Each structure stands twice: as C-alpha cells, then as structure tokens.
Amino acid sequence: MFRALFASLLIASSAATGVSVDSLPWKERARRGVTPSPEASLRAHVDDWPEEPPSPTNVDRARFEHAIREVCQIKPKAASTLAGHILESTREFGVDPFLVGALAHRMTRCQPDKEDLGGRGLTLLPKEFFHGHLRDGAYRYHVAQRGALVERLLPMPRFRFGPAKLFRQEENVYFTAALLRVLEEQHETLDEIFEQEPHRHYVSHWIWGDKVRGARAEDRVLTDRRRLLEHYGSHRGPRPVRKHGLELGPPLEGSPRVVSSFPGADRDQGLRRHRGIDIESVRGEPVLAIAAGVVTFSGVDYPGRGTARTMPKAKANAVPSRRMGKGGRFVCIRHDVDGPDDYVSCSMHLDRIEVEIGQRVALGERIGTVGRTGMRVSSPHLHLEVIRNGRRIDGSKLLEDFLVRHPPKYVKKRKRPLVASAAAR
Ligand SMILES: [Zn+2]
Ligand SMILES: [Zn+2]
C-alpha cells in the first residue's frame with residue numbers, strides 16, 4: 001500500500017573515506033575469536049558526538065563568503081557568487097546556509113559540474129528525489145501527523161525543475177535548499193516508516209534516501225559545517241587542553257574528527273604494523289600543529305629504511321609522489337613541554353608542506369595540507385605519529401578531546417509500525 005517516499009540511494013562509502021580495508025590475517029584471527037582487528041573500533045557512534053554548534057541567526061554576507069572561500073578553496077569571486085546563491089535560497093526556504101555550504105564542499109569540493117553517486121551538480125542532488133513529486137511548481141510530500149500521513153505542498157516557483165539545470169549553480173542551490181526543507185519536515189516520518197541505522201541529522205537522508213544505512217556520511221557533512229562556522233567566526237572550536245605538560249589543540253579544523261585507524265593495525269597483509277593514527281580528512285585541508293614547538297623535520301620519505309630527507313619546503317613540494325616512500329611528504333615538530341618527557345609529533349602524507357626546518361610554530365598554526373603522498377591505495381587522510389622519549393605512543397589518547405575514537409556500540413533500531421492508528425485502520 002505504501003510507496004517509497006524517495007528512491008533509496010546507495011552510496012559507495014569507501015570512495016569518500018580514508019579507511020583502509022582490514023587485511024586478511026586480522027579477519028582470520030577475528031573468526032577464531034582471538035583478537036579483534038583494531039580497525040573494527042573505527043566507527044563513531046551517534047551518541048559519541050557532542051551537540052552541533054548553532055548557526056548565527058543573522059548571517060553576515062562578508063564573513064560567510066570568507067568561510068566559503070577558506071573551506072572550498074575557491075577564488076574570491078567564485079566564493080562571493082556561491083555564498084550569495086546559498087544565502088538567498090536558504091532564506092527563502094528557512095534552511096541553514098552552513099549546511100548547504102557543507103554539502104557543496106563535501107559532495108563536490110564546491111564544483112558545480114559534477115555527476116556522481118546518482119546525484120548531479122554542486123551538491124550531487126539526487127534527481128530521483130523529484131521523480132513524480134514535483135508538479136505545477138510545487139513539491140508534494142507526506143508527513144505523519146496524528147496517526148495519518150498528510151500531504152504537504154512546498155511551492156518552488158523560482159525555477160522550473162529539470163535534471164540538466166542541476167549543473168547550474170544557482171538552480172542547484174535553490175533545489176538543494178528546498179529539498180533540505182522537505183527532509184527536515186519529513187525525516188521523523190521516514191525514520192518511523194523505514195528501518196534505520198541510528199543517525200543524528202536529517203541530512204543523512206540526502207545521502208541515503210529513505211533508509212539510512214550508516215551515520216558516517218552525515219558526520220563528514222557536519223564536520224564541514226563546523227569548519228565553515230569556525231572560519232565564519234561564530235564557533236571557536238575546542239579550547240586547548242593541558243596534558244602531560246603540553247598545551248594541546250586539534251590537528252585539523254572542525255573537531256571532533258574521526259580516527260579511522262589506530263596503532264597496531266596490520267599493513268601490507270600483516271608484514272608490518274600501523275605506527276600512528278589515521279584521521280579522516282580530505283585533500284587540501286589545513287593540518288595544524290597540535291602544540292607549539294620547533295620543526296625538526298620537513299621533507300620527504302624515500303623508499304627503503306631510514307631514507308627520509310629533510311629539505312627546504314619548495315624542494316620538498318616539488319618531489320613527485322611516485323618517487324616517495326610510505327610516509328610521503330611530512331613534518332615533525334618537537335613540542336614545548338613543561339615536564340621531563342620529550343614529545344615529537346609527525347604529520348605524514350602531506351599534499352604540501354608550509355614550514356621550514358628549525359622554524360618555531362605556535363599551537364594551531366598551519367604546517368601543511370592533507371594529501372596522499374607516499375600512499376598506494378588509500379584515499380587522502382592525515383597520518384599522525386606521536387613519539388614520547390623516542391617511542392611511538394597512541395596519539396588518539398593524547399588528543400582524545402579533539403577526536404572521536406570510541407568503539408562501536410550499534411544497536412539496530414527496530415522497525416516500528418507505520419503510525420499506531422494508521423496501522424489499525
Ligand atoms: Zn532520519
Ligand atoms: Zn596511517
């Protein structure tokens with residue numbers, strides 16, 4: 001009797017993650033019930049996330065433009081145009097402009113001509129959403145109300161809908177804002193009708209359609225939203241934390257960030273162990289100094305053991321990735337510490353290095369950008385090693401205030417009857 005409200009969309013989640021696949025030995029051991037893979041703990045549960053920061057009520061155009069420019073890494077003129085479209089359409093539909101900006105960045109890095117994952121344009125807007133729902137300039141959708149499904153209409157008069165138009169930035173942003181309005185109203189109904197993986201935000205349905213199969217995609221969009229709010233200046237991000245004589249801050253913007261791999265995980269089919277933590281991130285994101293200190297290494301890892309060479313950043317940035325060893329381009333900092341222990345952190349696989357050896361860096365200062373230099377198969381991410389008195393330690397514990405590193409505790413929500421009285425009818 002009940003037709004799907006939206007076409008469910010499958011997303012190839014591995015394409016957007018920095019997660020390496022478990023290697024066979026771990027799977028074997030897990031099957032024998034000996035040791036679970038450390039990678040198994042990479043998924044962050046919905047309850048582990050703090051509440052999302054609110055958006056400002058009156059958004060300042062210039063500051064919003066600046067935030068879009070910084071996060072999207074586009075030219076000022078392009079940022080101004082995009083920010084203008086976002087502000088106009090989100091005002092029209094009463095939607096959070098920072099959410100639309102985050103979708104634009106997460107889906108296409110703010111490029112309007114993309115087509116992927118069944119979606120089109122800047123936000124990879126799933127054109128199936130509109131199939132059969134948009135007639136005479138109004139979108140028809142259903143919301144559960146007092147035990148019945150009630151039809152609602154949302155007029156979308158400014159543009160005629162057409163799949164080809166989704167490649168145009170202004171139209172895409174307009175229909176994106178409209179659909180987010182619909183999803184916000186409809187998401188409780190969807191959650192009641194379809195069995196869901198636990199999720200926090202209606203934006204999950206943008207990615208998955210009716211039935212949400214995981215919360216990682218929404219985490220990434222909301223991370224980008226926090227980055228935008230930090231650049232806008234209404235959200236300060238986490239305060240520095242004092243620990244073991246160090247004053248610590250986050251390694252990336254938009255905290256908390258997800259750790260996708262811990263020290264000890266197998267690499268190269270069990271031939272070696274992972275020596276640091278991997279933090280999910282996208283290429284080009286700024287990498288920040290986790291504490292003040294002095295740069296002790298800034299250069300390139302070459303194939304073989306003990307072959308890393310420090311060099312001026314201009315030279316290091318010109319080395320092609322294919323010539324590098326596993327660490328790629330990287331930076332190490334010896335941190336200022338008020339105590340007997342010696343702490344060094346190294347940020348690896350950098351796309352670009354922005355500091356020179358011997359340079360003093362402040363807590364939170366940019367030292368480079370996220371990349372995938374030296375990697376063979378993984379997608380871009382930040383690999384961070386923390387070394388105390390010459391020995392590698394689990395950096396995720398030291399930086400736990402800025403990371404999500406809890407083991408999974410998924411409880412599948414049971415599918416409930418549609419709506420009590422509607423089911424009885
Ligand atoms: Zn939902
Ligand atoms: Zn790593």
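For Gly299, the residues whose modelled amide H falls within less than 5 Å of its own, excluding neighbours fewer than 5 places apart on the same chain, are Met311, Phe330. Note on segment 81-102 and segment 296-353: Cα centroid distance 40 Å, given to the nearest whole angstrom. Taking other residues whose beta carbon is less than 12 angstrom from the beta carbon of Leu117, and scoring Lys, Arg as +1 and Asp, Glu as -1, yields +1.
About its Cα centre, segment 76-199 has a charge dipole of approximately 580 debye under the convention of +1 per Lys or Arg Cβ and -1 per Asp or Glu Cβ, with nothing else charged. Sites listed here are trypsin sites (Lys or Arg not before Pro) in segment 121-229 whose DSSP assignment is loop and whose Cβ has at most 11 other Cβ atoms within 10 Å: Arg146, Arg160. Counting only residues at least eight positions apart within a chain, or on another chain, the aspartates and glutamates with an alpha carbon under 15 Å from that of Lys315 are Asp301, Asp351, Glu354, Glu356. Taking a Cβ cut-off of under 13 Å around Pro155, the surrounding Lys, Arg, Asp and Glu residues balance to a net charge of +4, with basic ones at +1 and acidic ones at -1.
Can you tell me how segment 330-393 classifies by the Cα gyration tensor, rounded, prolate or oblate, using a/c under 1.5 as the rounded cut? Oblate is the answer for segment 330-393, as a/c is 1.5 or above yet b/c matches or exceeds a/b. Sparse packing (at most 10 other Cβ atoms within 10 Å of the Cβ) combined with a DSSP loop state is found for the following trypsin sites (Lys or Arg not before Pro) in segment 298-344: Arg305. Summarised in one figure, the compactness ratio Rg/Rh of segment 123-199, Cα atoms and Kirkwood Rh, is 0.99. For segment 43-234, the per residue solvent-accessible surface stands at 41 Å², with DNA, RNA and ligands left out and a 1.4 Å probe. The figure for Tyr202 is an accessible area of roughly 30 square angstrom, using a 1.4 Å probe on the protein chains alone. Remark on Gly119: its backbone amide H falls under 5 Å from none of the residues 5 or more positions apart or on other chains, H modelled at 1.01 Å from N.
Accessible area per residue for segment 241-404, computed on protein heavy atoms with a 1.4 Å probe, is 42 Å². Checking every one of the GluC sites (Glu not before Pro) in segment 161-236 against DSSP loop status and a limit of 16 other Cβ atoms within 10 Å picks out Glu195. Overall, the accessible surface of segment 180-289 at a probe of 1.4 angstrom is composed of carbon and sulfur to the extent of 44 percent.
Segment 239-266 and segment 267-281 have Cα centres spaced 17 Å apart. A 1.4 Å probe, protein heavy atoms only, puts the accessible area of His199 near 30 Å². At a 1.4 Å probe radius, carbon and sulfur cover how many percent of the accessible area of segment 321-406? In segment 321-406, the share of accessible area belonging to carbon and sulfur is 44 percent. Taking all protein chains together, Ser80, Ser234 sort by accessible area into Ser234, Ser80, largest first [probe 1.4 Å].
The values are calculated or read from the model by the stated rules, or taken from the named source; none is laboratory data. Everything numeric here is computed off the predicted structure, so don't read it as measured data. Note: ideal-geometry Cβ built from the backbone for every residue, glycine included; neighbour counts use all protein chains shown. Note: areas computed on protein heavy atoms with side chains; ligands, DNA, RNA excluded. Shrake-Rupley method; radii C 1.70, N 1.55, O 1.52, S 1.80 Å.
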